[in-house]
Amino acid sequence: MDTTPPCNLHFVFIPFMAPGHMLPLVDMAKLMARRNVKVTIVTTPLNALQFSATIQREIQSGSPIQIQVIQLVRFPDGIPKGCESLESLPSMDVMAMEKFVIALSMLQNQLEELIGKLTPFPCCIVSDKYFPCVVHIATKFKVPRIVFDGTSCINLLCSHNLHAFKVHETVFDSDNFIFPGLPHRIEMKKSQLPVEFGPGPDQKLNALREERRVAEAEAYGIVVNSFEELEEEYVKEYQRVTGRKVWCVGPVVLSNKDDLDKAQRGSKRNTKDGEVDCAKWLDSWPERSVIYACLGSLNRVAPKQLMEIGLGLEATNRPFIWVLRGAYRSDEMERWFLEERFEERVKERGVLVRGWVPQMLILSHGAIGAFFTHCGWNSSLEAICAGVPLVTFPIHHDQFYNEKLAVQVAEIGVSVGAESAINLGEEDKFGECVRVNRNNVKEAIEKVMGEGEEKEKRRESARKYADMAKKAMEKDGSSYCNMSMLIDDISQFQLLNKS
């Protein structure tokens with residue numbers, strides 16, 4: 001806890017109901033409450049269970065933080081009753097996700113009623129960009145609304161410049177184009193862009209996306225889970241071209257300092273399939289010798305592609321942990337494991353996990369030498385904080401931008417060479433597409449874990465950014481100061497509106 005005296009500020013945090021969005025915003029709320037600002041996190045009952053234990057420990061330490069729950073009682077067609085999280089959707093396609101966002105917009109009246117009764121009355125609402133109904137609530141109560149995007153500043157700038165210049169509309173899917181207005185020369189293929197930059201025949205879907213863009217542009221500011229030392233030029237350029245207030249206050253994952261918080265972060269405490277004591281297994285391996293491979297809980301990769309990844313891991317002859325939680329068409333993978341006797345072949349040096357794992361604890365273990373990742377922003381930051389180099393295999397959303405940051409800007413990663421995005425719901429459209437083969441996987445891993453001056457330079461860069469991340473979150477660090485400036489800004493806003 002910060003030793004500064006309590007203030008009369010009260011921030012309300014409203015996270016989007018998906019792990020990758022909810023966990024960092026909860027971490028951010030914890031950090032603000034430790035600065036003696038009253039904080040209320042608003043979510044639904046099932047989502048509250050995922051972080052109630054850690055919030056209770058914060059309360060016991062004297063932190064002025066609380067959870068308030070509201071009930072989802074109305075559901076659009078296609079969203080089953082009781083579905084409170086994106087990962088609980090029966091179908092993981094774009095339309096299903098947008099329907100879930102519509103379901104959340106039906107919480108507006110409940111949110112208004114709850115916020116209106118809070119004491120002291122909230123001075124600011126921090127909400128995920130997928131909660132556009134908060135626009136109307138903030139306007140009604142005349143409080144500033146700050147958007148949490150959940151991605152990197154390189155993603156924010158790339159997306160803004162594409163919308164502004166539309167250079168991607170003049171090229172074919174397989175063509176390279178140079179991003180306009182970036183601090184570095186960055187090229188991408190149109191096929192690697194997020195789904196929002198593809199053809200959009202569904203007018204309702206386009207309208208929802210435009211509503212979010214307008215809501216973000218009209219917000220008081222945007223808070224980002226990043227640190228200036230990692231992407232300083234992108235922070236400054238995004239601020240310059242948009243004129244928006246931007247506060248980088250991360251990596252907020254570092255708010256979890258003890259092993260219990262690290263172990264419970266993201267866990268529903270009901271995992272069972274294949275959960276193993278990874279830390280104990282890692283203790284038996286030398287420093288920086290083990291590959292950790294995990295493509296995230298919402299990323300669905302075709303079985304044939306997963307098989308190539310597995311064969312690439314095997315071909316390295318290095319120890320590895322391969323996490324397959326929520327694998328797409330997992331029955332086919334299980335059949336392949338059995339028929340090929342894959343687990344038997346690698347049992348001396350490979351562990352397959354079919355359930356949840358404490359990723360923070362794994363990445364911070366000294367035995368981990370590389371992280372084979374989909375480049376989701378949360379996973380990328382966790383690796384950066386642990387000083388672990390990346391082997392990058394982006395799949396969709398902002399992940400190709402994050403790959404560019406890791407490989408080209410920060411020089412802490414190596415790409416396996418994925419050339420196209422496969423968006424959620426489009427897996428079958430691409431059939432048994434193998435985007436990278438086992439040789440690509442093996443070669444990329446060797447470029448990270450092998451010997452040589454270039455490889456050591458990459459590992460040293462990873463360690464350097466880990467040190468900078470930790471210093472950014474410490475007192476007088478860049479992210480610590482940015483949170484101070486955010487608190488001061490809202491305090492000044494409140495004083496001016498009272499006068």
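The values are calculated or read from the model by the stated rules, or taken from the named source; none is laboratory data. All values derive from a computational prediction rather than experimental measurement. For neighbour counting, all protein chains shown are included, and Cβ atoms are generated from backbone atoms with ideal geometry for every residue, glycine included.
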Query raised in the report: Looking at region 200-211, is at least one residue at negative phi, among the polar types (S, T, N, Q) and modelled with pLDDT under 95?
Result: yes
The helices (runs of 4 or more DSSP H) lying wholly within region 60-178 that contain at least 3 residues that are of a type in the set (G, A, S) are 94-105
**Message:** Based on this model, can you work out whether M32 counts as within 18 Å of M485 (Cβ to Cβ) and either outside the structural domain of V143 (by TED's automatic domain parsing) or buried (at least 21 other Cβ atoms within 10 Å of the Cβ) (or both)?
**Reply:** yes
Has region 24-32 got any residue that is closer than 28 Å to G82 by Cα, part of a strand (DSSP E or B) and modelled with pLDDT of 95 or more?
no
Flagged in region 142-169 as over 23 Å from W247 (Cα atoms) and in contact with a Phe, Trp or Tyr (Cβ under 8 Å, 6 or more places away or on another chain), in numbering order, are V167, H168
Screening A444, A418 for residues that are under 30 Å from R329 (Cβ atoms), more than 22 Å from the chain's Cα centre (by Cα) and either modelled with pLDDT of 90 or more or polar (S, T, N, Q) (or both) leaves only A444
So for region 447-469 (the condition being surrounded by fewer than 21 Cβ atoms within 10 Å (Cβ to Cβ), in contact (Cβ under 8 Å) with a residue 60 or more places away in the chain and within 18 Å of G296 (Cβ to Cβ)), does at least one residue qualify? no
Going through region 211-245 in order, the residues found to be outside any helix (DSSP H, G or I) and either among the β-branched types (V, I, T) or closer than 18 Å to I137 by Cβ (or both) are E218, A219, Y220, G221, I222, V223, V224
The residue that is surrounded by the most Cβ atoms within 10 Å (Cβ to Cβ), considering only those in region 374-385 that are touching a strand residue (DSSP E or B) at 6+ places or on another chain (Cβ under 7 Å) and of a type in the set (A, V, I, L, M, F, W, C), is C375
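This table checks each residue for (1) among the hydrophobic types (A, V, I, L, M, F, W, C); (2) outside any helix (DSSP H, G or I); (3) out of contact with any Lys or Arg (no Cβ under 8 Å at 6 or more places or on another chain); (4) modelled with pLDDT of 95 or more.
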{"residue": "K272", "(1), (2), (3), (4)": "no, yes, yes, no"}
{"residue": "W281", "(1), (2), (3), (4)": "yes, no, yes, no"}
{"residue": "L306", "(1), (2), (3), (4)": "yes, no, yes, no"}
{"residue": "G312", "(1), (2), (3), (4)": "no, no, no, yes"}
Note: among E474, E432, E427, just one is at negative phi, surrounded by fewer than 14 Cβ atoms within 10 Å (Cβ to Cβ) and modelled with pLDDT under 95, namely E432
> When you look at W356, is it touching a strand residue (DSSP E or B) at 6+ places or on another chain (Cβ under 9 Å), modelled with pLDDT of 95 or more and either at positive phi or among the aromatic types (F, W, Y) (or both), yes or no?
Replying inline: no
Per the filter on region 221-261, residues over 28 Å from Q50 (Cα atoms), in contact with a Cys (Cβ under 8 Å, 6 or more places away or on another chain) and not hydrophobic (A, V, I, L, M, F, W, C) are E228, E231, Y234, Y238
Checked region 206-239 for anything acidic (D, E), closer than 21 Å to E403 by Cα and over 20 Å from the mean Cα position of the chain (by Cα); matches are E233, E237
Q) Do we find that K166 is basic (K, R) and either touching a His at 6+ places or on another chain (Cβ under 9 Å) or over 26 Å from Q192 (Cα atoms) (or both) in this structure? A) no
